[in-house]
Amino acid sequence: MRHSLIFFDPKRPDFTPYGLACGRWNPAPMPRPDHHNEVQLNLLKSGWMTYILGGRKVRIEAGRMSAFWAAIPHQIIEFGTKREYFVATIPFAWFLQWKLPEHFVQPILHGVVHCEPPPGRGRLDQDLFAQWEADLQNPGSEMRDAVLLEMRARLIRLAAVLPPVQTVTRKSSYWHAALYEGGLNKVEQIACLLAWHYTESLTANDIGKAVGLHPNYAMSVFRKAFGVTLIEYLTQQRVSHAQRLLATTNEKIVDVAFKSGFNSVSRFNAAFHSICGCSPREYRLRHELG
């Protein structure tokens, strides 16, 4: 059976939901980062692909399922497979309500990509994703509940085999060393810096100095590579952080605003509504845990 491949649309508005879905995607570099408020599961049949996610390079290998929170900017920059790959998406609120192990959930909320340790489950997962794809073809299908149960069970199995993961520290000695390791180019170094320091006050001069570029040139090459300005990218990171706090804590909205790096509630509200299409209060009501 032939399946229609899904292609990333660079004109797609940020945070447009995919909902509960499973399909086959075309392997191709993305011209800009994507953001959507689902947990994303990837499964490659062959080869590999590399994401920039939250300012870090992450390599995904064939046969090893990966999981990450897609509200964090993510962009495929390289791939070594010509075959389609599976992508499943789980609405973020549903993912939280599953009450998966804390050592699995917390790293995801902080931008960690969980990958199945080698050798992975290979054909078993391919058959499982194909079944999810078939079951979700009909939006009104009663099989949706079965898919949700199977997705939750699959993530429990993934959590059971993962080694402990430390969430990202923001200590300067750590990020300064990591910034220049792993073959990151200048644009990737900028994204890494923003991903780790988005709650702090940052200027173009700070960023240029940190990566050894003139501020204007740093802004120019970043926009060319990511399709958004430094300020837009920084704002997206801060809104993503605010989403996590709104969905998982009872902190006051004013405290969420300042802890996410905004210097005023009015700017926070305007940025949040622009990206998410609703107010922070409305977002919390939709996504908070019962």
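Data table
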{"item": "For the chain, calculated [θ]222 nm from helices alone, where every DSSP H run of n ≥ 4 adds -39500 (n - 2.57)", "result": "-13500 deg cm²/dmol"}
{"item": "Pair-distance profile P(r), taking every C-alpha pair of the stretch 112-158, with 5 angstrom steps and integer %", "result": "5, 19, 25, 23, 15, 9, 3, 0"}
{"item": "Ile77/Glu200 FRET efficiency (R0 41 Å; Cβ-Cβ; nearest 0.05)", "result": "0.95"}
{"item": "Neighbour-limited loop hits for trypsin sites (Lys or Arg not before Pro), the stretch 24-104 (at most 10 other Cβ within 10 Å; DSSP other than H, G, I, E, B)", "result": "Lys82, Lys99"}
{"item": "Only Lys, Arg (+1) and Asp, Glu (-1) charged, at Cβ; the stretch 229-290 dipole about Cα centre in debye", "result": "40 debye"}
{"item": "R0 of 45 Å, Cβ-Cβ distance Leu124-Asp255: FRET efficiency to nearest 0.05", "result": "0.50"}
{"item": "Calculated log₁₀ intensity ratio I(q)/I(0) where the Debye formula runs over C-alpha points of the stretch 1-91, q = 0.23 Å⁻¹", "result": "-1.34"}
{"item": "Within a Gaussian network of the chain (alpha carbon springs, distance under 10 Å), most fluctuating of His74, His273, His36", "result": "His273"}
{"item": "Per residue Cα convex hull volume in Å³ - calculated over the stretch 197-267", "result": "89 Å³"}
{"item": "Sites Asn263 and Lys11, calculated FRET efficiency, Cβ-Cβ separation with R0 45 Å, nearest 0.05", "result": "0.90"}
{"item": "Prolate/oblate/rounded label for the stretch 21-161 (Cα gyration tensor, a/c 1.5)", "result": "rounded"}
{"item": "15 Å reach of a label modelled at Ala28, 7 Å along Cα-to-Cβ, counting backbone N of the stretch 76-99", "result": "76-79, 81-85"}
{"item": "Order by protection proxy (mean Cβ within 10 Å, highest first), peptides 109-121, 142-154", "result": "109-121, 142-154"}
{"item": "Length added when fully stretched, Val221-Ser274, from 0.36 nm per residue minus Cα-Cα", "result": "16.6 nm"}
{"item": "Given charges at beta-carbon only (K, R positive; D, E negative), |dipole| of the stretch 21-161 in Debye", "result": "420 debye"}
{"item": "Given charges at beta-carbon only (K, R positive; D, E negative), |dipole| of the chain in Debye", "result": "420 debye"}
{"item": "Range in the chain, longest, excluding exposed chymotrypsin sites (Phe, Trp or Tyr not before Pro) [loop by DSSP; at most 12 other beta-carbon atoms within 10 Å]", "result": "8-179"}
{"item": "As computed over the stretch 44-96, the Cα convex hull volume per residue (Å³)", "result": "80 Å³"}
{"item": "Computed lengthening from His103 to Ala134, 0.36 nm per intervening residue step minus Cα-Cα distance", "result": "8.0 nm"}
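Since every read-out is calculated from the coordinates, none of them should be taken as a lab result. Given the structure is predicted, the values throughout are model-derived calculations rather than measurements. Quick reminder, even Gly has a Cβ in these numbers, built from the backbone with ideal geometry, and neighbours come from all protein chains shown.
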